[in-house]
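Engineer: One structure, as structure tokens, below. Some questions next.
The values are calculated or read from the model by the stated rules, or taken from the named source; none is laboratory data. Remember, it's a predicted structure, so these values are computed and weren't measured experimentally. Because the Cβ atoms are built from the backbone with ideal geometry, glycine has one as well, and the counts that use them run over all protein chains shown. Surface accessibility is based on the protein's heavy atoms, side chains included, excluding ligands, DNA and RNA. Shrake-Rupley method; radii C 1.70, N 1.55, O 1.52, S 1.80 Å.
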Amino acid sequence: MGVLSNLEPKNVFYFFEEITKIPHGSGNVGQISDYLADFARQRGLFCIQDEYKNIIIRKEATPGYEDEPVVILQGHMDMVAVKKPDCDIDMTKEGLRIAVRGDEVYAEGTSLGGDDGIAVAYSLALLDSDTIKHPRLEVIITVDEEVGMDGARGIDLSMLTGNRMVNLDSEDEGIFLTSCAGGARVKCRLPLSTVQREGVAVEVTVGGLLGGHSGGEIHKERGNSNCLMGRLLYRLTKEISLGISRLDGGLADNAIPRETKAVLVMDAGDEGKLCDMAKVFEAEIQAELSTKDPGAFVSVGEGRTGSYLCTTPSESRKAAACLIALPNGVQAMSADIHGLVETSLNLGILKYEDGCLLADFSVRSSVESAKHALIDRLHAAISLAGGSSEVSGDYPGWKYRKDSPLRDKMTALYERMYGKAPRVEAIHAGLECGILGSKIKDLDCVSMGPAMKDIHTTEETLSISSTGRVWEFLVRLLEEKENAEH
């Protein structure tokens, strides 16, 4: 008996639990893609599994719905796989340890993958049903959405017949999304000279931060552990002759990093000064972030005497100066939509390895020219420091459609079911709708989903009751004929 066996809707949570048993972090989607292909074949459904491992499944209309507009359901199969430092799960090989707490499903020690596992579960439950009435369904489940939307970029949709798409990659019940920002990943590289140095190695940690999704929560201005470590290093390198032996922070470019560690090599007499400066810095950031990130801390480990390969003091200063100079966070707010971030970036991954400082950014903007201007700014900043950068995963924004029969139908149905209008909004986070819209002529698309919190983090939760309500809405949407009397 499964952990979620007693939850409603049963079939949705059955498939969701099955998905959590399969490792499916971005870049590790072979197993889950095969599971989805087998699901379709076992039920005699038309299925395409392409070279990228994207999945397209088609189910014909139920009797009486043959003339209704085809509905495309869309989500992605990969998740942001992050875990707590003390978690012993190998997320590349093992499933999740899911649990229930009140109205929430969560995973012990790891992210849950509700983004976007719930879209897959909804789709499978609909495809598996022999009682739900519906028009022809065309289900698109892409790969590696979380690391640049590579699956959406490569997928061939020429065999589709529909142009109305419900994207199920949203985390706020009662909000219909109709446009989103475009984005790109920028990898910055800064070569640093090294030396074998006798001294004391000390591990410094900046942590205790809330983190979050770099699109959905960048406006909350939570602490970024990579940027905070850059600030601390800049201060330390001005006062102490030190080398950087290791630097490691963040797990994904689109997740605000929660913890960054540095191993610093110095003369034995400088340990005390480092500890004192770290305490002062900790007090400062705790005051700065007291409301936004109340758990922030800076810790200093015990020194270990030895010989270490590390950056030279001058290169350490250069690296710290570069980190503090690189932009991060909200860069501009929308002039058209109150409260919407227009342009931002997130320093999600920071590493020092093999004589090179590595900094990976997620850049987003609803204005294409502003996105490219910010990318140029990163190019210029790292170039001035003597480094280089490259762009990958550049994807377009999703433009608002003034005439949308699907949005009108969904809005009217929502009002009848719940007695209030849904919120129709744009978001700063990226969705695949813009890319897919370039492949589907005259695409009419709305994004929706159940309530989730803290996606891309180990605190991620999925609301059970919200999952049920969104399921009921989705079923009613499919069952309602175009010219039905109300």
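Engineer: Is there a residue in region 222-242 that is of a type outside the set (D, E, K, R), surrounded by 19 or more Cβ atoms within 10 Å (Cβ to Cβ) and farther than 21 Å from Ala325 by Cα?
Structural biologist: Of the residues in region 222-242, the ones of a type outside the set (D, E, K, R) are 223-230, 232-234, 236-237, 240-242.
Filter once more, so that each one left must be surrounded by 19 or more Cβ atoms within 10 Å (Cβ to Cβ): 223-230, 232-233, 236-237, 242.
Now drop any that are not farther than 21 Å from Ala325 by Cα, which leaves none.
No, because not a single residue in region 222-242 is of a type outside the set (D, E, K, R), surrounded by 19 or more Cβ atoms within 10 Å (Cβ to Cβ) and farther than 21 Å from Ala325 by Cα.
Engineer: Next question. Are any of the residues in region 87-108 touching a residue at least 60 places away in the same chain (Cβ under 8 Å), of a type in the set (Gly, Ala, Ser) and either touching a Gly at 6+ places or on another chain (Cβ under 6 Å) or open to solvent by less than 10 Å² (accessible area, probe 1.4 Å) (or both)?
Structural biologist: Yes, there is a match, as at least one residue in region 87-108 is touching a residue at least 60 places away in the same chain (Cβ under 8 Å), of a type in the set (Gly, Ala, Ser) and either touching a Gly at 6+ places or on another chain (Cβ under 6 Å) or open to solvent by less than 10 Å² (accessible area, probe 1.4 Å) (or both).
Engineer: Give the residue that is least open to solvent (accessible area, probe 1.4 Å), with candidates limited to residues of region 114-159 that are among the polar types (S, T, N, Q) and in a loop (DSSP other than H, G, I, E, B).
Structural biologist: Filtering first and then ranking leaves Ser129.
Engineer: So which of Leu242, Leu251, Leu232, Leu274 ends up being farther than 26 Å from Gly339 by Cβ, within 33 Å of the chain's Cα centre (by Cα) and at pLDDT 95 or above?
Structural biologist: Values: Leu242 fails: within 33 Å of the chain's Cα centre (by Cα); Leu251 fails: at pLDDT 95 or above; Leu274 fails: within 33 Å of the chain's Cα centre (by Cα).
Of the residues listed, the single one that is farther than 26 Å from Gly339 by Cβ, within 33 Å of the chain's Cα centre (by Cα) and at pLDDT 95 or above is Leu232.
Engineer: Here is a follow-up. Of all residues in region 181-212, which are outside any loop (DSSP other than H, G, I, E, B) and open to solvent by 20 Å² or more (accessible area, probe 1.4 Å)?
Structural biologist: The answer is Arg185, Lys187, Arg189, Pro191, Thr194, Val195, Gln196, Arg197, Glu198, Glu203.
Engineer: Please enumerate the residues belonging to region 293-339 that are within 22 Å of Gly215 (Cα to Cα), in contact with an Asp or Glu (Cβ under 7 Å, 6 or more places away or on another chain) and open to solvent by less than 20 Å² (accessible area, probe 1.4 Å).
Structural biologist: Result: Gly329, single match.
Engineer: Does Gly151 fit the bill of being among the small types (Gly, Ala, Ser), modelled with pLDDT of 95 or more and more than 18 Å from Gly27 (Cβ to Cβ)?
Structural biologist: Taking the combined requirement at face value, the residue does not satisfy it.
Engineer: Among the residues of region 351-377, which ones are under 25 Å from Ser314 (Cβ atoms) and touching a Ser or Thr at 6+ places or on another chain (Cβ under 6 Å)?
Structural biologist: Gly355, the sole residue that qualifies.
Engineer: Here's a follow-up. Hey, Glu460 hits all of (1) touching a Ser or Thr at 6+ places or on another chain (Cβ under 8 Å); (2) open to solvent by 40 Å² or more (accessible area, probe 1.4 Å); (3) not β-branched (Val, Ile, Thr) but one; which does it fall short on?
Structural biologist: Failed condition: (2).
Engineer: Within region 240-255, identify whether any single residue is free of Cβ contacts under 8 Å to residues at least 60 places away in the same chain and part of a strand (DSSP E or B), and answer yes or no.
Structural biologist: Narrowing region 240-255 to residues free of Cβ contacts under 8 Å to residues at least 60 places away in the same chain: 240.
In the following step, the residues that additionally are part of a strand (DSSP E or B) were identified as none.
No, region 240-255 has no match at all.
Engineer: Now for a different question. Starting from residues that are open to solvent by less than 40 Å² (accessible area, probe 1.4 Å), modelled with pLDDT of 95 or more and outside any strand (DSSP E or B), keep the ones in region 69-83 and report whichever is farthest from Leu160 (Cα to Cα).
Structural biologist: Going through the qualifying residues, I end up with Asp78.
Conditions (1) among the acidic types (Asp, Glu); (2) within 18 Å of Leu126 (Cβ to Cβ); (3) touching a residue at least 24 places away in the same chain (Cβ under 8 Å), marked per residue:
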{"residue": "Leu406", "(1), (2), (3)": "no, yes, yes"}
{"residue": "Met410", "(1), (2), (3)": "no, yes, yes"}
{"residue": "Arg423", "(1), (2), (3)": "no, no, yes"}
{"residue": "Glu432", "(1), (2), (3)": "yes, no, yes"}
{"residue": "Val446", "(1), (2), (3)": "no, yes, yes"}
{"residue": "Thr457", "(1), (2), (3)": "no, no, yes"}
{"residue": "Ser465", "(1), (2), (3)": "no, no, yes"}
{"residue": "Val475", "(1), (2), (3)": "no, yes, yes"}
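Engineer: So, in region 12-50, how many residues would count as being surrounded by 17 or more Cβ atoms within 10 Å (Cβ to Cβ), of a type in the set (S, T, N, Q) and part of a helix (DSSP H, G or I)?
Structural biologist: Residues that pass the stated criteria total 2.
Engineer: Please work out which one of (1) open to solvent by 10 Å² or more (accessible area, probe 1.4 Å); (2) out of contact with any Ser or Thr (no Cβ under 6 Å at 6 or more places or on another chain) is the condition Met165 fails and give its number.
Structural biologist: Answer for Met165: the failing condition is (1).
Engineer: Take the residues in region 435-466 that are among the hydrophobic types (A, V, I, L, M, F, W, C) and in a strand (DSSP E or B); name whichever of them is farthest from Ala107 (Cα to Cα).
Structural biologist: Cys445
Engineer: Considering region 164-180 alone, what residues qualify as being assigned to a strand (DSSP E or B) and within 22 Å of His134 (Cα to Cα)?
Structural biologist: Those that are assigned to a strand (DSSP E or B) and within 22 Å of His134 (Cα to Cα): Arg164, Met165, Val166, Asn167, Phe176.
Engineer: Follow-up question, since we're still on this one. Considering only region 183-201, state which residues are of a type outside the set (D, E, K, R) and farther than 17 Å from Leu323 by Cα.
Structural biologist: If the condition is that a residue be of a type outside the set (D, E, K, R) and farther than 17 Å from Leu323 by Cα, then Gly183, Ala184, Thr194, Val195, Gln196, Gly199, Val200, Ala201 are the ones that fit.
Engineer: Collect the residues in region 229-285 that are touching a helix residue (DSSP H, G or I) at 6+ places or on another chain (Cβ under 8 Å) and either at positive phi or hydroxyl-bearing (Ser, Thr, Tyr) (or both), keeping them in residue-number order.
Structural biologist: Tyr234, Thr237, Ser241, Gly250, Thr260
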